[in-house]
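The values are calculated or read from the model by the stated rules, or taken from the named source; none is laboratory data. Since the structure is predicted, the reported quantities are computational estimates derived from the model, not experimental observations. Quick reminder, even Gly has a Cβ in these numbers, built from the backbone with ideal geometry, and neighbours come from all protein chains shown. Each accessible area value is taken on the protein alone, full model and side chains, heavy atoms only, with ligands, DNA and RNA left out. Shrake-Rupley method; radii C 1.70, N 1.55, O 1.52, S 1.80 Å.
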Amino acid sequence: FYIVQNSTASPITFADAVNIIVNAKELTTTVGQDKRERFIERVLSSHEFVDYFVSNRQDLKKLLTGPLDFPLGEQALLAGHSFHPAGKSREQFLGDDIEHYSPELKSQFSLCWLLVSANSVAGISLDLSLKERLYRTVEESAPELVHYFTEQTWVIPAHPWQWKYLQQQVPVQALISSGDVKFLQQSGSSWLPTSSLRALYSE
């Protein structure tokens, strides 16, 4: 309900409430209109996705009564972080991306695998060398690709959505053109997106 000074309380929608809060004079003097509009758009989109995710889960009773293992717990965070104004925003997802990559819909998928020149790979691994870590990942998740792994070329995994995005980036396009990065295939064991979307889990 919305009350202006001593007036009668009137019911308002969630969208009305967001607009009233974001367009309060305390904010309009410090935050530009374009940023406020983008913020509102994200919050309303997140609100719609919360409703969509809750409506499409058939196991709500189980989620509420538990017990939950790690993957189910990660995919059970339907409302997002309680202090995040747009915890379920999916603004970069297009088309079927929501269904394919959202943990709330219990999605799972295999990884994309890339053949990459060893001198184009950088990173660290805590208890193994990076090469050993990557080799073990391929061996455990897509053993049919192990024979591609050599001293000169390594096989590395990529999230399918992130690989689609990376192919649009000029530096990656240059690596593809030079042959330093080659797409092998999407295959192997299933991985589950966790609540962060970016982090994946596989037994």
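Data for the structure
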{"item": "In segment 75-143, the GluC sites (Glu not before Pro) that fall in loop regions by DSSP, at most 16 other Cβ within 10 Å", "result": "91"}
{"item": "Nearby aspartates and glutamates by direct alpha-carbon distance to residue 131 (threshold 20 angstrom, same-chain neighbours under 8 apart not counted)", "result": "139, 140, 144, 151, 180"}
{"item": "Set of lysines with alpha-carbon distance to residue 62 below 27 Å, sequence-local pairs under 8 removed", "result": "88, 106"}
{"item": "Where chymotrypsin sites (Phe, Trp or Tyr not before Pro) fall in DSSP loop in segment 2-39, at most 15 other Cβ within 10 Å", "result": "none"}
{"item": "Accessible carbon and sulfur surface of the chain relative to its total accessible area, %, 1.4 Å", "result": "55"}
{"item": "Over segment 147-203, volume per residue of the alpha carbon convex hull, in Å³", "result": "110"}
{"item": "For the chain, size of Cβ-based charge dipole, Lys and Arg +1, Asp and Glu -1, in debye", "result": "360"}
{"item": "Most fluctuating residue given options 120, 89, 187, as computed from a GNM of the chain linking Cα atoms under 10 Å", "result": "120"}
{"item": "Distance between segment 1-74 and segment 146-190 - C-alpha centres, whole angstrom", "result": "38"}
{"item": "Probe 1.4 Å - accessible area at residue 180, Å² to nearest ten", "result": "50"}
{"item": "Where 50, 43, 4 fall by accessible area, highest first, once all protein chains stay in place (1.4 Å)", "result": "4, 50, 43"}
